[in-house]
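Notes to accompany the following structure.
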Amino acid sequence: MASVLSTNLRRGMAIKIKGDLGIILELEHRTPGNLSGFVQVIMRSFASGKSKDLRFQSGEKVDVVETDRQKLEFSYNDNTGYYFMNPDTYEQISIPENLIEESKDLFIENMVVEVVFVEGNPMSVDMPATVDLLVTEAADGLKGDTANNPSKPVTLQTGKIVQAPLFIKTGDKLRIDTRTGKYVSRA
């Protein structure tokens, strides 16, 4: 673990503050009026998954943790976790469900994700911005129901249910935003 000046922090770095490991999501260098400058950081904790605001004086040292980012392919999941394969070494890596809680129903076989490892342990999974999924079940839209941008629930191949426009049918491929879990467009 190395220490760097707070002015040398960058987005995506992993830092350790008071025993809590986290990744920097956003940062801003501020110099208010005639006061000394500081660095405002938004950090997501690996342990809790929650974001918090931190403020460092411009000359303050911060502990930076070495990270390893790997592109892995999703293979399958069971009751013990989610399994990914390194396409270069064919090594299977198990990732606990709590690291992918909000996007677990968007994984499809062979999907490539970026996994951040800290000290050899997986800490976060970065999904692609969108994923294309097949519609397995879609009710018929009501004819003439076109007021106020109507939508209907459709079931995707992973079992996830999303709201989609009335013209979507079973067998269509939809593009889903992985950050919000919502319909974007047809694929």
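The values are calculated or read from the model by the stated rules, or taken from the named source; none is laboratory data. Note that the coordinates shown come from a computational prediction; the quantities given were computed from them, not determined experimentally. So basically every Cβ, Gly included, is an ideal-geometry build from the backbone, and we count neighbours across all protein chains shown. With ligands, DNA and RNA removed, areas are computed over all heavy atoms of the protein, side chains included. Shrake-Rupley method; radii C 1.70, N 1.55, O 1.52, S 1.80 Å.
Treat each spin label as a single point 7 Å out from the Cα along the C-beta direction, and report the Asp140 to Lys18 distance in nm.
Here the answer is 6.1 nm between the modelled labels.
Send over a whole-number figure in Å² for the accessible area per residue of the range 1-96, probe 1.4 Å.
Here the per-residue accessible area is 62 Å².
What distance in nm separates the two pseudo spin-label positions at Asp132 and Thr155, each 7 Å out from Cα along the beta-carbon direction?
Between Asp132 and Thr155, the label points sit 2.4 nm apart.
Determine how many Å³ per residue the convex hull of the Cα atoms of the range 3-123 encloses.
Details: hull volume 14.2 nm³, N = 121.
Here the figure is 117 Å³ per residue.
Per the 1.4 Å probe, what fraction of the accessible area of the range 1-115, in percent, lies on carbon and sulfur atoms?
46
What distance in nm separates the simple spin-label points at Glu26 and Arg11, each placed 7 Å from Cα in the Cβ direction?
It is 1.0 nm.
Would you mind calculating the gained length between Phe167 and Ser48 on full extension (0.36 nm times residue separation, minus the Cα-Cα distance), in nm to one decimal? Write out the running numbers ahead of the final one.
On the way: separation 119, 0.36 × 119 = 42.84 nm, distance 4.04 nm.
Taking Phe167 through Ser48 to full extension adds about 38.8 nm, to one decimal.
Checking the table Lys71/Lys169; Lys71/Lys173; Lys52/Lys152; Lys50/Lys160; Lys16/Lys182 against a 31 Å threshold on Cα-Cα, which pairs fail?
Lys71/Lys169; Lys52/Lys152; Lys16/Lys182
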